[in-house]
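Asks: Take a look at this one; I'll ask things after.
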Amino acid sequence: MVRLDFAIRLHYDIQAPGGDFIFNFHAARSSWQNIIQESLEISQPLAMLMHTDSETRARYLRLSARAGQLSLVYQAQLELVQHRANPADVAEIPVAQLPPEVLTYLYPSRYCESDRLVLLSMQLFGHLPQGYRRVEAIQAWVRQQVSFVAASSNATTTALDTLNAGQGVCRDFAHLMIAVCRAVNIPARFTTGIDYGADPALGPTDFHAYVEVYLGHRWYIFDPSGTAIPMGFIRIGTGRDAADAAFATIFGAVTSEPPDISIVAHENPDRGWVLPVHCPEALSTDAG
């Protein structure tokens, strides 16, 4: 079991007449991610509307803020109890046997043009034995093709752009891996969390994009950028690509400061708490 404390601090300067916000920074509630406690402080006295996606368990906060300063501080403590499996035992699921709610993650999307990568993907990976190891091969190929370079992409960069440029940040690695998986008929989705265990040389702690792939009737975690430790990944947002999982979608004349994020893991053998480490097993989130 992994016990984590984290905090997210956001600050905005809102011009008249005000701005509308849709936030997705709360930890998702799921069978493997137990939220022990959480709190949210907002600098303006505002009416808020919360809703939870019935499939992904992602939680969304909507509010309308007045002109001026707006600050939010979200803090949470949670426990992760992940399923582990021998990679050799994790099989792909034939398309005909996929649950209906998983099918959407087979299709091309805004940032993952899998239809334009079918020929290349089938040439590279179509002949490999199906299963977790084939997805590992896709992840390894993405890491070979793309170098992590901070601020090397923007909000319009797609998987194909990343492949052509040969560089990107975590969301770009994720988009390319997702597109290739879908191109060989493996459901894959975009997931956001926090970059636990990332090298401080890469910059301050930040939101992190990783990939969940549907295998063996579960969603398994992959981190194609290789910059963090998957065993320490909380799940925040989930979707077809980054368009579905932004931590903040803003409507109005608003400027923002970079998010201030902190995360720490606790070790206590008596309570069964272990520190996240890189492990050889396949790590799964909750079943689809």
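Asks: What distance in nm lies between label points placed 7 Å from Cα along the C-beta direction at Ala165 and Thr104?
Replies: So the label points at Ala165 and Thr104 sit 2.7 nm apart.
Asks: To continue, here is another question. In nm, what is the difference between 0.36 nm times the number of residues separating Met1 and Glu281 and their Cα-Cα distance?
Replies: Stretched out fully, the Met1 to Glu281 stretch lengthens by 99.3 nm.
Asks: Calculate the spin-label point distance for Arg133 paired with Val95, positioning each point 7 Å from the Cα along the beta-carbon direction, and give it in nanometres.
Replies: 2.5
Asks: Determine the relative contact order of the chain: mean sequence separation of Cα pairs under 8 Å and six or more apart, normalised by residue count, in whole percent. Before the final figure, lay out the partial values.
Replies: Numbers: 682 pairs, mean separation 80.8, N = 288.
Over the chain, the number comes to 28 percent.
Asks: To continue, here is another question. Counting only helical runs of four or more DSSP H residues, what would the 222 nm mean residue ellipticity of the chain come to if each run contributes -39,500 (n - 2.57) and the total is spread over all its residues?
Replies: -4500 deg cm²/dmol
Asks: Here's a follow-up. I'm spelling it out carefully: the read-out is percent of Cα pairs over 30 Å apart, the candidates are (1) 49; (2) 37; (3) 31, and one was derived from this structure. Which label?
Replies: Computed from the coordinates, percent of Cα pairs over 30 Å apart corresponds to (3).
Asks: Separate question: Could you calculate the FRET efficiency of Ser31 with Ala67 from 1/(1 + (r/R0)^6), where r is the beta carbon distance between them and R0 is 45 Å, rounded to 0.05? Numbers along the way, then the final one.
Replies: Details: r = 42 Å, r/R0 = 0.93.
After rounding to 0.05, the efficiency reads 0.60.
Asks: While we're here: Packing-wise, with mean Cβ within 10 Å as the measure, how do 33-41, 9-17, 233-241 rank, highest first?
Replies: 233-241, 9-17, 33-41
Asks: Quick one: among Leu80, Leu61, Leu215, which has the greatest mean-square fluctuation in a GNM of the chain with alpha-carbon springs under 10 angstrom?
Replies: Comparing Leu80, Leu61, Leu215 in a Gaussian network model of the chain, the most mobile one is Leu61.
Asks: Can you give me the Kirkwood hydrodynamic radius for segment 95-248, using every pair of distinct Cα atoms, in Å to one decimal? Each step should come with its number before you reach the end.
Replies: Numbers: mean 1/r = 0.0655 Å⁻¹.
About 15.3 Å, per the Kirkwood formula over Cα pairs.
Asks: With label points built 7 Å along Cα→Cβ from the Cα atoms of Thr255 and Leu119, find their separation and express it in nm.
Replies: Modelled inter-label distance: 4.7 nm.
Asks: Let me ask you something else. Kyte-Doolittle cut-off -1.0, length cut-off 15 Å along the helix's own axis using Cα: show which whole DSSP H helices in the chain pass.
Replies: Taking the DSSP H segments of the chain (at least 15 Å long, mean hydropathy at least -1.0), we get 132-145, 170-183.
Rule-based calculations on the coordinates, nothing more; no lab input. Being a predicted model, the structure only gives us computed values, none of them experimental. Positions of Cβ are backbone-derived with ideal geometry, glycine not excepted, and every protein chain shown enters the neighbour counts.
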